[in-house]
Amino acid sequence: MDMILLGFQTLADPMVALMLLVGVMAGMVVGSIPGINDNIAFAVFIPFSFSMPAETALALMVGVYCAAATGGAIPAIVLKVPGTASSLLTAEDGHAMARKGLAGRALSIAITSSVVGGILSSIVLLLFAPSLARVALEFGYVENFALAILGLSSVVGLLRGNIVKGVIAALIGLLVATIGFSPMTGAARFTFGNINLIEGIPFVPLLVGLFGIAAMLDLKADVMKTRDPDAGPESLPKIGSLRLPKGLMRRLTPVWGTSAAIGNVIGMLPGAGMLMAIFLAYDQAARRFRRKFEGQPGEETWGDGAPEGVAAPEAANNAVTASSMVPLLSLGIPGNSTSALFIGALALHGMVPGPLLFTQHGNVAWMIIVSFLFANLLLWPVAWVVLRTVSRSIFAIRKEAMVGVIAMLCLMGAYSDGANLFNMWVAIAAGVVAYVMRLASIPLGPAILGLVLGPQLESSLNNSLRISNGDWLIFFDAVNHPISAGMMVASALLWIVPAAMGLRDRARAAKAAAATKDNG
Amino acid sequence: MASGFDAMSRSYPLALSVLLMVFGAVLVLRVVISQPKSVSFSLPARVAGLSALLIVAWIVALSAGLGFVLPTLLMQGAFLYICGVRPPLVAAIYAVLITAVGYAAFVLGLGVRLPETLAPWIL
């Protein structure tokens, strides 16, 4: 309780509170610009936090992170152009409602759902992160190695049908993480005599390149594919009243609960990502809608203006934001790609996420947790202001102009980390590599996790083997290291279960094909 | 250096490299066996090539002491032109605005120290 109060106390600093509000507002505005996803919004704001004290900077980042996902719903509903990938599904029913003159109601459902999902996931963060961190404080080298293996396995195991590419991505990340000083002997590895590489590849420019520059290249490809020089800004539907009837709120309450629960569970799994959560929540809501409402008088069909189609993805995507911070703050493992950028933001201020964050920088760790709660509470009034004031100007910004803006912001952001031109080269190289990986369908998530967990994996492996005199069974020793043994078994299951399910699916498909052939 | 360090520091990256080679070979074999449909990469290659070229030229200009304003104006103008912003006057206005906002945000706002220029009056 004292620690929660400490978090509140830190947030009560007028400058910190103001930056949280600025972050929510900026995230909402940036998230509503089509083409700018949550990652770019976050990558672009990291450099702006350089000169601020840690508390102020992290409050700003929490605000941006929470609001960008909500802001994406605004153009999704008004223009049918999702501002962020997380509002991909909101565009379907949301825009259908807008076309029927219910834009205000659709926006209101989206924002309320985001607030409900976000608050529920903030409570999960408040309850789980510190408890997990307390357990993680008991970890030694053996448990740390098992934890890194569990983190990597959870990401790779979740990529059903794409496991080989996932492993390759993770190995690339782990290999890149070996550049620089060896944690065992201090020898410089793979530096090619370049002094800039002695401490490893600079992390912030690397992340800015992997997310920002790669997304810029994606956006540019999209613009070049669909460019129409004569097209001007679209005429927008009238937004109208934002009031949400009580009956509709009662009807949507179970959807909010289910979707937030899905978002919370998925958010806590490293690498599962926001998209998985919104698709699962959308599917659950569709089943409920078809069972209870479809075909009744006055009801829409699914995908053509069903309020549940807006509520489910929006509650789920905001539930992912805070819950994805549970593994990050407690164990140092990012829950999704955007929360991986948080590591960069923390690193800039000399902090390392994980259990020690709660003991070494308790005020900041608790402030981050409390900020998630307040950022979600601020979403409604800020969304109202944004909708009534700057929305129309935001939609007038041409997507084409954003390509150069993102490039400049990302590269200047990378450069600002130490005023070093080498960082720009890192960012552009990382961006091109990430873009090529995306084209080859090699997932980026495992590579990021490999980069983050690489140093921990290597040093804990070496130290564990030293303790055990080279006995690898130390990691499975259920008597002396039960946590490690448990995590190793869980890791093995994460590999075996999806592989077994894949084999079962293949066998079923072959059986079905044979049956069709026999009948034919 | 890429090699020549002690055995203890070498074994871990070496093991990772061997694993990467094994999984890479599995991927290549899979592609050869399944013979997937060929996909055109001309647009993505053009996008990545052009953008990388523009950005590299910008970084080289910055490090050569040409300042921030001129190289950024030219880079933004080129990006806008490639992305199809017409007429050129609109593209020029956008480029000036973006450059001004970038300079104000990073140099005046955040106090970022830009690389040294050839002459003090070059911004």
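Computed packing ranks the peptides A:256-263, B:103-110 as A:256-263, B:103-110, most packed first, by mean other Cβ atoms within 10 Å.
Peptide A:457-463 shows a mean partner chain C-beta count of 2 within 10 Å per residue C-beta. For region B:1-94, chymotrypsin sites (Phe, Trp or Tyr not before Pro) meeting the loop criterion (DSSP other than H, G, I, E, B) and having at most 14 other Cβ atoms within 10 Å: B:Phe41. Less than 5 angstrom separates the built amide H of A:Arg189 from those of A:Gly180, A:Phe181, A:Ser182, all sequence-distant by 5 or more or on a different chain. Interface burial in region B:65-84 reaches 50 Å² or more for B:Phe79, B:Ile82, B:Cys83, comparing the full protein assembly with the chain by itself; accessible area from heavy atoms with a 1.4 Å probe.
Counting Lys +1, Arg +1, Asp -1, Glu -1, what net charge surrounds A:Met437 among other residues with beta carbon under 14 Å of its beta carbon? After counting each charged neighbour, the total is +1. Here's the picture: charge each Lys and Arg Cβ at +1 and each Asp and Glu Cβ at -1 in the protein assembly as shown, and of B:Leu20, A:Ser416, A:Ala277 the one pushed furthest to the positive end of that dipole is A:Ala277. Counting only protein heavy atoms and a 1.4 Å probe, the protein assembly as shown has 42 square angstrom of accessible area per residue.
Inter-chain Cβ neighbour count for A:162-174, averaged per residue, equals 4 (cutoff 10 Å, partner chain atoms only). With an 8 Å cut-off on Cα pairs and a minimum separation of 6 or more residues, tell me the relative contact order of region B:42-109 in percent. Relative contact order for region B:42-109 comes out at 27 percent.
Dipole orientation for region A:67-138: of the candidates A:Val135, A:Ala85, A:Ala110, A:Ala110 has the Cα lying most toward the positive pole (charges on Cβ; Lys, Arg +1; Asp, Glu -1).
Calculate the mean, over all residues of peptide A:186-195, of how many other protein chain Cβ atoms lie within 10 angstrom of the residue's Cβ. Walk me through the intermediate numbers first.
Values: counts 3, 7, 4, 10, 5, 3, 2, 2, 0, 0.
The shielding value for this peptide is 4.
Largest first, the extents of the alpha carbon coordinates of chain A on the three principal axes equal 73, 68, 53 Å. Magnitude of the charge dipole for region A:380-520, about its Cα centre and with charges confined to Cβ atoms of Lys, Arg (+1) and Asp, Glu (-1), is about 780 debye.
Take every Cα pair under 8 Å in chain B that's 6+ residues apart, average their separations, divide by the length, and report that relative contact order as a whole percent.
Details: 59 pairs, mean separation 31.2, N = 123.
Once normalised by length, the contact order is 25 percent.
Which FRET efficiency value, to the nearest 0.05, do you get for A:Ala513 and B:Leu29 by plugging their Cβ-Cβ distance into 1/(1 + (r/R0)^6) with R0 = 25 Å? The computed FRET efficiency comes out at 0.60.
If you take the Cα Rg of region B:42-109 and divide it by 2.2 N^0.38 Å, with N the number of residues, what do you get? Show your work: numbers first, answer last.
Details: Rg = 12.8 Å, N = 68, 2.2 N^0.38 = 10.9 Å.
Against the compact-globule rule of thumb, the ratio is 1.17.
What does the charge count around A:Phe181 come to, taking other residues whose C-beta lies under 10 Å from its C-beta (Lys +1, Arg +1, Asp -1, Glu -1)? Walk me through the intermediate numbers first.
On the way: positive: A:Arg189; negative: A:Glu199.
Net charge in that neighbourhood comes out at 0.
Each Lys or Arg adds one and each Asp or Glu takes one away; over the other residues whose Cβ falls under 14 Å from the Cβ of A:Ala347, this sums to -2. Using Cβ point charges alone (K and R +1, D and E -1), the dipole size of the protein assembly as shown about the Cα centre works out to roughly 1720 debye. Taking the dipole about the Cα centre of the protein assembly as shown, with the C-beta of Lys and Arg at +1 and of Asp and Glu at -1, give me whichever of B:Ser63, A:Ser371, A:Ile496 is farthest to the positive side. Of the candidates, A:Ile496 comes out farthest on the positive side.
Could you order peptides A:316-329, A:202-215 by the average number of other Cβ atoms within 10 Å of their residues, highest first? The partial results should precede the final answer.
Numbers: A:316-329: 32.0, A:202-215: 27.1.
In decreasing order of mean packing, A:316-329, A:202-215 become A:316-329, A:202-215.
Remark: accessible area buried at the B-A interface is about 5100 Å², both chains counted, probe radius 1.4 Å.
Expressed as a whole percent, the accessible surface of chain A that belongs to carbon and sulfur atoms is 64, based on a 1.4 Å probe. Each Cα pair under 8 Å and six or more residues apart adds its separation to the average, and for chain A the resulting relative contact order is 28 percent. Relative to the current alpha-carbon distance between A:Phe192 and A:Arg388, full extension at 0.36 nm per residue lengthens the span by 65.0 nm.
The values are calculated or read from the model by the stated rules, or taken from the named source; none is laboratory data. Predicted model only: the values in this text are computed from it and were never measured. Counting neighbours? That spans all protein chains shown, and the Cβs are built from the backbone with ideal geometry, glycine included. Note: areas computed on protein heavy atoms with side chains; ligands, DNA, RNA excluded. Shrake-Rupley method; radii C 1.70, N 1.55, O 1.52, S 1.80 Å.
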